[in-house]
Structures are given as structure tokens and as C-alpha cells.
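Single-structure report; data block below.
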Amino acid sequence: MVADTPTSPSPGRPREFEFDDAVRRAKDVFWDRGYHDASLPDLLEGMGLSRGSFYKAFGDKKGIFLRALDAYIEDALREVGDVLAAEGSPKAAIRHALLRNADQSFGAEGLRGCFVVLTATEMLPGDEEVSVRVSRLFRRLRELYAGAIIRGQAAGEIDAGRDPHALARFLVCQIQGMRVLGKAGADRADMRGVIELALEPLG
């Protein structure tokens, strides 16, 4: 256990735990147990914090949960954005991004599922704070894929007659569907086969 630490320590005073690391460890607890089944003792053990440090830094269970969800969303958007913004063929970048999702949808990672999908299933539509975050993730994913599709259309790789935003919505639906199937033990070859079908509407 660590000593109690204020949320914003004074200059020069070392933080006795790494704030971002603690948030990500809390994310793992919520990911494995869900929001409602994750108890305060579970969180304190998983984060390696004392009760006092926890309350001073995060306020309450909902506070740390929202920070954990924000961290997951931030990481997910950065990773997808980096893949889709890669130099070279936009269509190849889209395929690469989709294949990464296929590979996350089988085996142990597939059985664990997507933290956002699990959260949405557990807490929506009743929680407005969670709803705003989940909606933002899916909106930003659609925007990232639409941007790559538009670049692909400009390069002549993707059918310019198709609505890039409709195509992006279709791809995001395919991605989330794969993550759900992964919870049921989907096979890697099956998931990769879905990707080839999902790319067909791009032309």
C-alpha cells in the first residue's frame, strides 16, 4: 500500500503512484468484472492503492471508471488513427486496420471482448455519462474510416460513387460485430474471412 497522495501534488513533491498507470490498472479490473461487480476492495488491490489515496485521487468508483473508459477510448482512437494515417495506399491501410480487429476477435483476447462493447451492454441506455463517451468513440471511428475512404477515392482505389460516410458506418458495424462474435469463441480464419467480404463494397 502507498501513502495518501493528493490529486495534484505540489511542485517538487514526487507522486507516490503513477496516476495514468493506476487508471489503466483500474481499467483491467472493470474490464474483467464489469462496473457493477467491481468492488472497492477489488479496485484497491488491482490498483495497488490505499483507500485514502484512492479517494483523494479519484473521488469515487464512478470517477475512476469514467477515467478508465476515457483512457481506453483514447488509446483505441490513437491506435486506429495511426494505422489509417500510414503512408501509402489508403485501401491497404483500411485493410490493415480491419485485420488488426479480426486478430483481436479470437482466442483469449477475443473471449475478453472489447471494453467499450461490454460497458455499453452493461450500462446503456441508462447512464448518460457513459452514453456520451461510447457515442463519441463510435463517431470518431466513423470519421477516421471515412477520412481514409475519401483519400482512397481520391487515389482511385475506392469507388468514388459510394458515400464514404455510409461505408465508414458499415465498417464500424462489422468491427463491433466481430468483437461480439469473439466473446463466443470465434475462429481466426472466420474473422479474417469476414474482412475480405467487408472490403468488397469499397470496390
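The values are calculated or read from the model by the stated rules, or taken from the named source; none is laboratory data. From a predicted model like this one, the values you see are computed outputs, not experimental measurements. Cβ atoms come from the backbone with ideal geometry, glycine included; neighbour counts cover every protein chain shown.
Return the total of residues in segment 45-70 being out of contact with any Lys or Arg (no Cβ under 6 Å at 6 or more places or on another chain) and either among the charged types (D, E, K, R) or part of a helix (DSSP H, G or I) (or both).
Going through segment 45-70 one residue at a time, the tally reaches 18.
If we scan segment 108-123, do we find a residue that is more than 13 Å from the chain's Cα centre (by Cα), in contact (Cβ under 8 Å) with a residue 24 or more places away in the chain and under 15 Å from Phe65 (Cα atoms)?
yes
When segment 81-103 is examined, which residues are found to be farther than 18 Å from Leu197 by Cβ and in contact with a Lys or Arg (Cβ under 8 Å, 6 or more places away or on another chain)?
Matches in segment 81-103: Val83, Pro90.
Which residue is nearest to Val130 (Cα to Cα), if the candidates are limited to segment 30-40 and must be in contact with a Lys or Arg (Cβ under 9 Å, 6 or more places away or on another chain) and not acidic (Asp, Glu)?
Tyr35
Considering only segment 76-99, how many residues are loosely packed, with under 13 Cβ neighbours inside 10 Å and farther than 22 Å from Arg188 by Cβ?
Result for segment 76-99: 4.
Tell me which residues, restricted to segment 115-158, are farther than 28 Å from Ala26 by Cβ, of a type in the set (Val, Ile, Thr) and in contact with a Lys or Arg (Cβ under 7 Å, 6 or more places away or on another chain).
Passing the criteria: only Ile158.
Scan Glu87, Glu79, Glu143 and give me the residue that is out of contact with any Pro (no Cβ under 8 Å at 6 or more places or on another chain) and more than 24 Å from Val180 (Cβ to Cβ).
The conditions single out Glu87.
Across segment 62-77, what is the number of residues that are more than 16 Å from Asp20 (Cα to Cα) and either at pLDDT below 95 or not aliphatic (A, V, I, L, M) (or both)?
1
Report, by residue number, each residue of segment 13-46 that is acidic (Asp, Glu), more than 25 Å from Gly110 (Cα to Cα) and either touching a His at 6+ places or on another chain (Cβ under 7 Å) or modelled with pLDDT of 95 or more (or both).
Glu45
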